[in-house]
4 protein chains.
Amino acid sequence: MKDRRELLAILTRGYGTRQRLVDVQASQDERGVGIDRVGIKDFRMPIRVLSRDDIEQQCAAAVDMYVSLPPDVRGTHMSRFVEVLQEREEPFTAARCLAICHAAKSRLNAAETHLDVEFEYFVQKEAPMTGAVGPLNYRIGISAYAGITDDLLLSVTAPATSLCPCSKEISRYGAHSQRCQVQASVRFEGDLWIEDLIETIESCASSPVYSVLKRPDEKHVTEKAYENPKFVEDIVRDLAVALQTDDRVVWFAVKSENFESIHNHNAYAEIVRDKRE
Amino acid sequence: MKDRRELLAILTRGYGTRQRLVDVQASQDERGVGIDRVGIKDFRMPIRVLSRDDIEQQCAAAVDMYVSLPPDVRGTHMSRFVEVLQEREEPFTAARCLAICHAAKSRLNAAETHLDVEFEYFVQKEAPMTGAVGPLNYRIGISAYAGITDDLLLSVTAPATSLCPCSKEISRYGAHSQRCQVQASVRFEGDLWIEDLIETIESCASSPVYSVLKRPDEKHVTEKAYENPKFVEDIVRDLAVALQTDDRVVWFAVKSENFESIHNHNAYAEIVRDKRE
Amino acid sequence: MKDRRELLAILTRGYGTRQRLVDVQASQDERGVGIDRVGIKDFRMPIRVLSRDDIEQQCAAAVDMYVSLPPDVRGTHMSRFVEVLQEREEPFTAARCLAICHAAKSRLNAAETHLDVEFEYFVQKEAPMTGAVGPLNYRIGISAYAGITDDLLLSVTAPATSLCPCSKEISRYGAHSQRCQVQASVRFEGDLWIEDLIETIESCASSPVYSVLKRPDEKHVTEKAYENPKFVEDIVRDLAVALQTDDRVVWFAVKSENFESIHNHNAYAEIVRDKRE
Amino acid sequence: MKDRRELLAILTRGYGTRQRLVDVQASQDERGVGIDRVGIKDFRMPIRVLSRDDIEQQCAAAVDMYVSLPPDVRGTHMSRFVEVLQEREEPFTAARCLAICHAAKSRLNAAETHLDVEFEYFVQKEAPMTGAVGPLNYRIGISAYAGITDDLLLSVTAPATSLCPCSKEISRYGAHSQRCQVQASVRFEGDLWIEDLIETIESCASSPVYSVLKRPDEKHVTEKAYENPKFVEDIVRDLAVALQTDDRVVWFAVKSENFESIHNHNAYAEIVRDKRE
């Protein structure tokens, strides 16, 4: 049986090398259905990200990149996505992601291009009393779009502490607290840095979180959170107010997911506002 | 030190029990910011789901349920969400999720309610040649909304096989294949069952996948996939064509994520169409 | 080009059907390397689990099942794993998983069989003051092994509240609390139910968590946790003491992972004891 | 009510600041239960990793670090873990992780220390025919232990292609293939680099995977995988043979998880060998 197939393989050998390899993707499609988004998802690559202090940080990014495809073309050319992503020598900033979208649009001859980049970003953070320093990780997302118009969205997710106002109010002592994940996504004008959004987010929770806390620091954050109780509703409202007054921000979506310490499910709230309307 | 705090605790004992516990959530909010969505996220509960054959299947659901909150109210009442979810005695169907939304809307006095339910659903599936039977798991999502109008969305994600047409065409033998996750989300009129969407999805890939495959079955699916090569673009286009011609479907979003066996990243495509436009 | 391959396909048609399909797995292996574990991983199937109150609960299980393979056999027969798993009509209990292991051992002619079953299990739980009822989800694991001897391990992971003793002690008011995941894995003799382990675990944290908490309940759990502060070390120690005194338990491993509300990392502790030593 | 608590807060103000903050962790424990492992889990920090070519790569690591705790001490000092992790200026290599373990052992006055570091590592990889270059991501783990003796384990998980020998043998054409994750964990003597293990792993699958594949490359990898079919059993056996003959390796564990394209579950195999026995 093996012999038979090997014979056939020999028969066909060379086929495909003597002639130019067919471009199946470029062939005509008869179904008449345009595709909104097609491309690569969860492509991992190292990127360099510029901090507000002009320092480069190398990050491991998860990249999704899509183009629109007209009804009459059968497929896109996936390898070109990876090539375009690697052409840029400069560090990634939100604004520079648009340039990649435009390069992909032209290289793939597409009407629309979408680029989503997600990565973990570190900030060296000082403990509030002792000043002990440790890295804290934030989740960053950049979404760029090039079509008839451009679009750009920067998103920061920061861990924080929330302490329940109701629990504090009704209890003789104590109040349940928990870690929460607070996200701010913005469309903006001018310069807006990851660090700016981190600071805004952290100012809206019961307390920021830290990597190193010595005893005086732990005392400080415990008391601060107790003095500063916040429902998940309070966190997103305070964040909405803060972004409402930031003139660089023209659109925002804020959300908070609180990993309630008294439940096995989470509390969640979300506000979306377009200041241009 | 202990003594001092215990003294204070004794001082305050009874406080909060002699009087009605304050409803902090119901207090007035001064920030003037309405909240789009607030509620519970990733709440787990057992639900019973009705199959097309009128058989009940118990599933473990992850439930998100949100209401809108007017600018002047400080907080929602999270425990009522869980109470409303438990009131329904009937099995879950897409249509009955709307009833829960309406109950929550009235119980929480909200302008809008969102309900997202996700669960794993099993179908006993026969191997194509030997008929050997095994359970196959699908990911189901139901999104219901009650506001000024209602909205309802059913979503099925099915695993399948894709085999690359380009790889087949240019190679002397073989063609790379991989598992893919294909999703169809629909707004619909009349009766549309989970099983209906599963069948539609599976007919659009290179081959369905199975839990039990004996040798004659494995031969069959290998050859079928080879005879039926599909780009990620082909899968979503064929699925779009199928849903376009299903009169029950008034809106659809289809996507496929293919876990390419020759890459460490995935191929992805997506089409969204509103047939009412 | 198409024509050529189609021609070849026609040439080979029927090949493999006229004759018995070769059992490649059963062929001789020359490398002389035995395999410790080979089989299926993350196979999903619905199972029925018997509760302590003799009620059946249908759960969605993730199943890993492996056999050992002698040096001279090339491959195992994966489809038989799924067949064996489906043969059992009775509900799953820890003890009955061993029967499946023995069936697989004999069916696959193996020296050793491993079976790992993981699923989400629900308990209807009453709030501590109002008695309001809601489902709470626990993660259950059963590991069975059949070789020269048998082995059986039951594992329960329960969410709970931990409140930091240091934070309470050094702060003027408040104390940070957080959700934690506490796991007890045991080897045992006689009858030991999932519900038994849940109760033991929950008695060792600062407070259990609940799905529905009305205001008097929230006051109760807040105060209870504050009165009952526990380091991650305290939780595993108290759990170790409890299992040490449970005569059914002959071996245990306990761990707790606390999702600290003041950090973005977790606190973790683990104790393993063999009472037979 | 607010007034009353604020009054109490004023009463207690200063308490805890006039005096040294109590070290609750250092207090005596009466339960008589030693703890095997206690520390921090999923702590994220940027690390620099030295490549075989002596180039530094910045990676985002997830770090678990534990110590053993004697029966009479109530708690460990978690903040010191983070401090010790940050003291090292040199890039991370497997060997240097041991130095961190020893520093932690002495700083925390522990009998045993465990350090587990996991991160994504990139290699610029050339396509097999065109030489087109793209980054490929691998999952690296380093486990270090310092107790009475030392221990060190390096683990590399690489994506690869597997093509089923049975499917190829019994089918008229084609053969199902899929992405797999192959892991080699080793204890070793002398110099052994991440890149060494990557090369060994990739030589044992049906084909490596790549980030950029132009058409001639795709033809090459398709045909190579078809010519080189491997069961999950073959992959771990070939890897075991390769590590058996590598004199630097004194112990190894190899596993492969294949995301079968014809099933929704995975095939898995594992071999562990201690060459010192």
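The values are calculated or read from the model by the stated rules, or taken from the named source; none is laboratory data. Only a predicted model underlies this, so the values are computations on that prediction, with no experimental measurement involved. Here Cβ is always computed from backbone atoms with ideal geometry, including for glycine, and neighbour counts include all displayed protein chains. Side chains are part of the model used for accessible areas, which takes the heavy atoms of the whole protein and leaves out ligands, DNA and RNA. Shrake-Rupley method; radii C 1.70, N 1.55, O 1.52, S 1.80 Å.
Computed from Cα positions, the angle between helix A:78-87 and the longest principal axis of chain A comes to roughly 60 degrees.
Which of the peptides D:267-274, D:255-262, D:76-83 is most tightly packed, and how do the rest follow, judged by the mean count of other Cβ atoms within 10 Å per residue?
Numbers: D:267-274: 20.0, D:255-262: 25.4, D:76-83: 22.2.
Those peptides, ordered most packed to least, come out D:255-262, D:76-83, D:267-274.
Solvent-accessible surface of chain C, averaged per residue with a 1.4 angstrom probe and all protein chains in place: 37 square angstrom. Each label was represented as a point 7 Å from its Cα along the Cα-to-Cβ direction; for C:Val133 and D:Asp274 these points are 5.3 nm apart. Per-residue accessible area (protein heavy atoms, 1.4 Å probe) orders C:Thr93, D:Thr161 as C:Thr93, D:Thr161, starting from the largest.
So, counting K/R as plus one and D/E as minus one, what does the shell of residues with Cβ under 14 Å around C:Asp150 add up to? Within the 14 Å Cβ shell, the charges total 0. Computed with the Debye formula from one identical point scatterer per Cα of the stretch B:83-209, without solvent, the log10 of I(q)/I(0) at q = 0.10, 0.13, 0.19 Å⁻¹ comes to -0.45, -0.67, -1.05. On the full set of protein chains, 1.4 Å probe, figure out the accessible area of C:Asp151 and give it in Å² to the nearest 10. Here the residue's solvent-accessible area equals roughly 50 Å².
Helical content alone sets the calculated 222 nm signal of chain A at -8500 deg cm²/dmol, taking -39,500 (n - 2.57) per DSSP H segment of four or more residues and averaging over every residue.
Accessible surface ranking for B:Asp36, B:Asp191, 1.4 angstrom probe, highest first: B:Asp191, B:Asp36. For the chain pair D and A, the interface hides roughly 3400 square angstrom of accessible area in total, found with a 1.4 Å probe. Residue separation of B:His102 and B:Glu56 scaled by 0.36 nm, minus their Cα-Cα distance, works out to 14.2 nm of gained length. Taking the centroid of alpha carbons for each part, the stretch B:48-99 and the stretch D:131-173 are 43 Å apart. Just to confirm a number: summing +1 for Lys and Arg and -1 for Asp and Glu over residues other than C:Gly141 whose beta-carbon lies under 12 angstrom from that of C:Gly141, what do you get? Around C:Gly141, the surrounding residues sum to -3. Quick one: putting +1 on the C-beta of Lys and Arg, -1 on the C-beta of Asp and Glu, what dipole do you get for the protein assembly as shown around its Cα centre, in Debye to the nearest 20? In total the dipole reaches around 0 debye.
Residues of the stretch D:83-119 buried by at least 20 Å² of accessible area upon assembly of all protein chains, compared with the chain on its own (1.4 Å probe): D:Glu83, D:Gln86. What number comes out for the charge environment of C:Pro91, summing +1 per Lys or Arg and -1 per Asp or Glu over other residues with Cβ under 11 Å away? Computed value for this residue: -1.
Once both axes come from the Cα atoms, what is the angle between helix D:2-12 and the longest principal axis of chain D, in degrees from 0 to 90, rounded to 10? Value to nearest ten degrees: 70. Shielding by partners for peptide D:58-66, expressed as the average number of C-beta atoms from other protein chains within 10 Å of each residue's C-beta, is 4.
For chain A, with only Lys/Arg (+1) and Asp/Glu (-1) charged at the beta-carbon, what is the dipole magnitude about the Cα centre, in debye rounded to 20? Numbers along the way, then the final one.
On the way: 35 positive and 44 negative charges, 236 e Å.
Here chain A has a charge dipole of around 1140 debye.
Peptide packing for C:175-185, D:58-68 was compared via the average number of neighbouring C-beta atoms within 10 Å per residue; ordered from the highest value, the list is C:175-185, D:58-68. Approximating the spin labels as points 7 Å out from Cα along Cα→Cβ, the A:Trp193-to-D:Arg88 distance works out to 3.0 nm. Entry for chain A at q = 0.10 Å⁻¹: log10 I(q)/I(0) = -0.66, Debye formula applied to identical alpha-carbon scatterers, no solvent contribution. The portion of the accessible surface of the protein assembly as shown made up by carbon and sulfur, rounded to a whole percent, is 48 (1.4 Å probe; DNA, RNA and ligands excluded). Only protein heavy atoms count here; under a 1.4 Å probe, B:Arg248 has an accessible surface of about 80 Å². Sorting the segments A:196-202, C:224-230 by their mean number of nearby beta carbons within 10 angstrom, highest to lowest, gives A:196-202, C:224-230.
As a test of reading the structure, rank D:Tyr145, C:Tyr210, C:Tyr121 by solvent-accessible area (1.4 Å probe, protein chains only), most first.
Working: D:Tyr145 45, C:Tyr210 25, C:Tyr121 0 Å².
My answer, sorted largest first, is D:Tyr145, C:Tyr210, C:Tyr121.
Over all Cα atoms in the protein assembly as shown, the spread is summed up by Rg and Dmax: 29.8, 95 Å.
Rounded to the nearest 0.05, what FRET efficiency do A:Arg48 and C:Ala95 have when you use their Cβ-Cβ distance and R0 = 60 Å? Let's see the in-between values first.
Values: r = 57 Å, r/R0 = 0.95.
My answer for the efficiency is 0.60.
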